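Scroll down for the structure; my scribbles are underneath it.
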Amino acid sequence: MVDLLIRNAKVLQLRDEKAQALPDRDIALRGNRIELIAPTGAIDPSRAKKDIDADGQLAMPGFINTHAHVPMALWRGLGEDVNIESWFNDYIWHLEANLVPEDVYWGMQLGLLEMIEAGVTAVADHYWHMDYAARAVEKAGTRALLGQAMFGANGIGQIEETAAFVQRWDGAAGGRIRAILAPHAPYTCDDDFLRASAHKAEQIGSGIHIHAAETREQTQASLARRGQTPIEVLEDCGIFNAPTLLAHAVGATAGDLEILADLRTPVGIAHCPKTYAKLAMGYNNLVEWRALGIAVGLGSDGAVSNNTLDLWEAMRLTALGQKQLTGDAENLTIPQALTIATVESAKVYGQPHDLGDLAAGKLADIILVDLSGTHHFPLNSVTASLVYNARASDVRTVICDGQVIMREREHLTLDKDEIIANIAPRMERLRRRDAAAGIQTYKP
Ligand SMILES: [Zn+2]
């Protein structure tokens, strides 16, 4: 018996940076894994406890968001048309002073609801009050890698607290939740704090999720202040002895890239192109990075710098941005964009063997995408349509860890009305900006 049979699907397959959609396939799931993908009809439907007729929709791996601050969705639309210093100092760090733990529980559910609707089944989230975020993930049925953010200024004692968070949640919800240490950035954590974080990560066997070299200006400021680039600081402090998820690295120098390329422990970069464009943070040359073998995954970042948590947009902006940046339209091809969105994002997320690919033995995180809309017709190239035409609303059904969590756009785990009803009365307090109450000051 199989637990779930998806019939009549096209299946996205990526092999050796070639992408194709295999027509007329059935996908059999047993428990939380894919058991078999076979031509339609080869698996007897009477052997399945449940079945879904995909009716020609495309099955692909759920998107993996490799860097986000999901509950910030509460503040989308605030902090518009400003540069990064004003974005932090006039908006974010005042708004965040209003946050109470319960806000994170509801803000997380809001962001997870949006991500499920866009086919995102996993997120590496870096935020505050993460016990509340974890409870939201448990409820949503999605996958998450959660880090409790730390600023050095709040004292070394937090490292023990967040290590306890990691030990409390790593492997929870049947393995859907993993946890990680999350010092904020080299510009908000001094060397001693970073060293202590690296030491703790080694001691408890955790990885580290951290922002670094977000802009070229940050790299310049770090060189002036510490005589080292932010990436050199992280290396010197032992951060890279742990598997590391680096957010951004837009300001990485050629020397920094060599450091990253030579590391023995896994390191991946979360690439968040909409934030970079919106806050004019500069742009990374992924063509060079990928040539060095550095893994790059897609990230949304928070919805105050992105406005959505939609990785279709991130994938499209990644392809378009690299063509424009390099002045060469042959760069960042469709198969490469799809590879970054799936296989490489799984690597950056730290589950390269389980996620990012539809094949027997992989975890069953599968989305069904309807390509029958006018904006896809005539469907001359499925893979081009995925990168350049598809919209979040084309995602019809979402399966995570073998469980259907959205069926034909109907949520089966989260309750939109309940989420809205709980957030609405919080917004007046959450929108306040008290100049005296910033939680931090941005200084690159
Ligand atoms: Zn971030």
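The values are calculated or read from the model by the stated rules, or taken from the named source; none is laboratory data. These numbers come from a predicted model, not from an experiment. Every residue, glycine as well, gets a Cβ built from its backbone with ideal geometry; the counts of neighbours run over all protein chains shown. Quick note on the areas: whole protein, heavy atoms, side chains included, nothing else; ligands and nucleic acids left out. Shrake-Rupley method; radii C 1.70, N 1.55, O 1.52, S 1.80 Å.
When the residues of segment 240-255 are filtered to those that are without any contact (Cβ under 8 Å) to a residue 60 or more places away in the chain and in contact with a Pro (Cβ under 8 Å, 6 or more places away or on another chain), the one that is farthest from Arg195 (Cα to Cα) is Gly251. Checked against (1) within 14 Å of the ligand (Cβ to nearest atom); (2) open to solvent by 10 Å² or more (accessible area, probe 1.4 Å), Arg178 meets all criteria but (1).
Checking Leu332, Leu379, Leu317 one by one, the residue that is in the same structural domain as Thr265 (by TED's automatic domain parsing) and out of contact with any Pro (no Cβ under 9 Å at 6 or more places or on another chain) is Leu332 and no other. Can you confirm whether segment 226-244 contains a residue that is of a type outside the set (D, E, K, R), within 16 Å of the ligand (Cβ to nearest atom), modelled with pLDDT of 95 or more and within 27 Å of Cys400 (Cβ to Cβ)? Yes - at least one qualifying residue is present in segment 226-244. For segment 380-438, a residue qualifies if it is open to solvent by less than 80 Å² (accessible area, probe 1.4 Å) and part of a strand (DSSP E or B), and the qualifying residues are Val395, Arg396, Thr397, Val398, Ile399, Cys400, Val404, Ile405, Met406, Arg407, His411.
Within segment 202-219, residues that are among the β-branched types (Val, Ile, Thr) sit with their Cβ atoms under 6 Å from residues that are within 12 Å of the ligand (Cβ to nearest atom), at 6+ positions apart or across chains, in these pairs: Thr215/Val250; Thr215/Met281. The residue that is surrounded by the fewest Cβ atoms within 10 Å (Cβ to Cβ), counting only those in segment 42-73 that are free of Cβ contacts under 8 Å to residues at least 24 places away in the same chain and part of a loop (DSSP other than H, G, I, E, B), is Asp44.
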